[in-house]
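Student: Structure in structure tokens, see below.
The values are calculated or read from the model by the stated rules, or taken from the named source; none is laboratory data. The structure displayed is predicted, hence computed values, not measured ones. Reconstructed Cβ throughout: ideal geometry from the backbone, glycine too, with neighbour counts over all protein chains shown. Each accessible area value is taken on the protein alone, full model and side chains, heavy atoms only, with ligands, DNA and RNA left out. Shrake-Rupley method; radii C 1.70, N 1.55, O 1.52, S 1.80 Å.
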Amino acid sequence: MERLVERLEKAVERLETVCQGPGMCGDGSSKGVAQYVQAFDALLAGPVAEYIKISKEVGGDVQKHAEMVHAGLMSERALLVTASQHQQPTENAFSLLLKPISEQIQVVQNFREKNRGSKLFNHLSAVSESIPALGWVAMAPKPGPYVKEMTDAAMFYTNRILKEYKDVDKKQVDWVKAYLSIWTELQAYIKEYHTTGLTWSKTGPVATEGAKSPSTPAAGAAPPPPGPPPPPAPAPTSSSTDDSASRSALFAQINRGEGITSGLRHVSDDMKTHKNPALKNQGGPVRSGPKPFTAPKPACNANPSQKTSPKAPALLQLEGKKWRVENQENATNLVISDTELKQVAYVFKCTNSTLQIKGKINSITLDNCKKLGLVFDDVVGIVEIINSRDIKVQVMGKVPTISINKTDGCHVYLSKNSLDCEIVSAKSSEMNVLIPTEGGDFTEFPVPEQFKTVWNGQKLVTTVTEIAG
């Protein structure tokens, strides 16, 4: 913790020197500071300062987390200063410039992971889920929508905070408003100054990893240790110089018109193989034309055995935000319990198995599965069933939409809380929805598979067709 505080203090010193004075960075009167840097300083002096102030009042882990967020914002300001004084760098150089921001994002997220037992865990989660918004500088051509997406990721936890403290502690409610206002104001700032990506200077030297050094006296300090790789940067225009030269040379050749054939060598009759068959046997094998089509049965018989002989490994693991459940066979006790709202589950090529997903999750996809049973609590998005057979799905909580596509044999058991679920189907058969009764049993209702479409003079009208017998 002491090392973290030292790094924060060094970052403050660098920022104050960049601002040409020990005062607030919002001092727009500093000579030579770009307008969009001054606007960012106003954001630091406004919503960010309010968030820091209330976080100190809340104290504890929230205060420590806020200091880390502040350090990340100051790293971003340093990059904005660099961009205002330099031309756009190469992709590799830009990645190095992004490292301090990427590192600080990781610091914020690691703090949440190390403090899962904190009483203020919802606060830490709201910040951790949305802090990647600092990566907007690398998200061309839509940095604004990217920040909006990251802000939405925090809403689940901020709503929890509001629900818990709404009539109990006004300070917690003010904290939520102050924190969310940072990202709201940042979106407005991006829309005005960096609509399609980080704005670089049209003059000055091309930015490099050490571009900060000559631009400000304070940049002599060693940069922080490198963090994880930053988001992919936009492809720089300068890296395409060689390709442009090659294309120019090619077009120059084409534009020669009839003269383009002047360099070709004349082939006399005695050099042509169709007039001299003896030449065909000289100089090795002669290229032949395409072979006539033949039925590919031998190849088809061989390839599947080669592909299926090494059996794909069974998976049940979390990668980032995605739970991967793949190639499970005869597994009747698969369980996913440690879930979060932003996570999704992708179930692929599972056979004769059952899977239970506990808690609330964003979405579930079943793809290429056979004889699979799925039981889940709550899904806030959609459950998709694609290219599958003999599937049984049971909803214990709520789900807004279930999509069935190219699937034969699908039974959906709804709970009392999920009766308003929309079921969308296409190219599927043998679908049934089972509705719970008062006695605890289920009543089965088939999903229509046949339709009748007629022209009513203005448009096509489609209705369900029920065939008796």
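Student: Based on what the data block shows, is P89 open to solvent by 10 Å² or more (accessible area, probe 1.4 Å) and over 24 Å from V176 (Cβ atoms)?
Tutor: For P89, the condition - open to solvent by 10 Å² or more (accessible area, probe 1.4 Å) and over 24 Å from V176 (Cβ atoms) - is not met.
Student: Continuing with the same structure: Can you report the number of residues in the range 399-458 which are touching a strand residue (DSSP E or B) at 6+ places or on another chain (Cβ under 7 Å) and free of Cβ contacts under 8 Å to residues at least 12 places away in the same chain?
Tutor: 4
Yes or no, residue by residue, for (1) assigned by the TED database to the domain that holds A49; (2) touching a helix residue (DSSP H, G or I) at 6+ places or on another chain (Cβ under 8 Å); (3) without any contact (Cβ under 8 Å) to a residue 60 or more places away in the chain; (4) not in a helix (DSSP H, G or I):
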residue	(1), (2), (3), (4)
A126	yes, yes, yes, no
E129	yes, yes, no, no
V137	yes, yes, no, no
A140	yes, no, no, yes
V147	yes, yes, yes, no
T151	yes, yes, yes, no
D167	yes, no, yes, yes
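Student: Part of a strand (DSSP E or B), surrounded by 17 or more Cβ atoms within 10 Å (Cβ to Cβ) and small (G, A, S): is that true of G409 in this structure?
Tutor: The answer is no for G409.
Student: Okay, moving on. Can you name the residue in the range 95-140 that is open to solvent by 10 Å² or more (accessible area, probe 1.4 Å) and of a type in the set (F, W, Y) and, of all such residues, is farthest from the chain's Cα centre (by Cα)?
Tutor: The qualifying residue farthest from the chain's Cα centre (by Cα) is F121.
Student: How many of the residues making up the range 48-60 are in contact (Cβ under 8 Å) with a residue 24 or more places away in the chain, open to solvent by 30 Å² or more (accessible area, probe 1.4 Å), in contact with a helix residue (DSSP H, G or I) (Cβ under 7 Å, 6 or more places away or on another chain) and not aliphatic (A, V, I, L, M)?
Tutor: Final tally of qualifying residues: 2.
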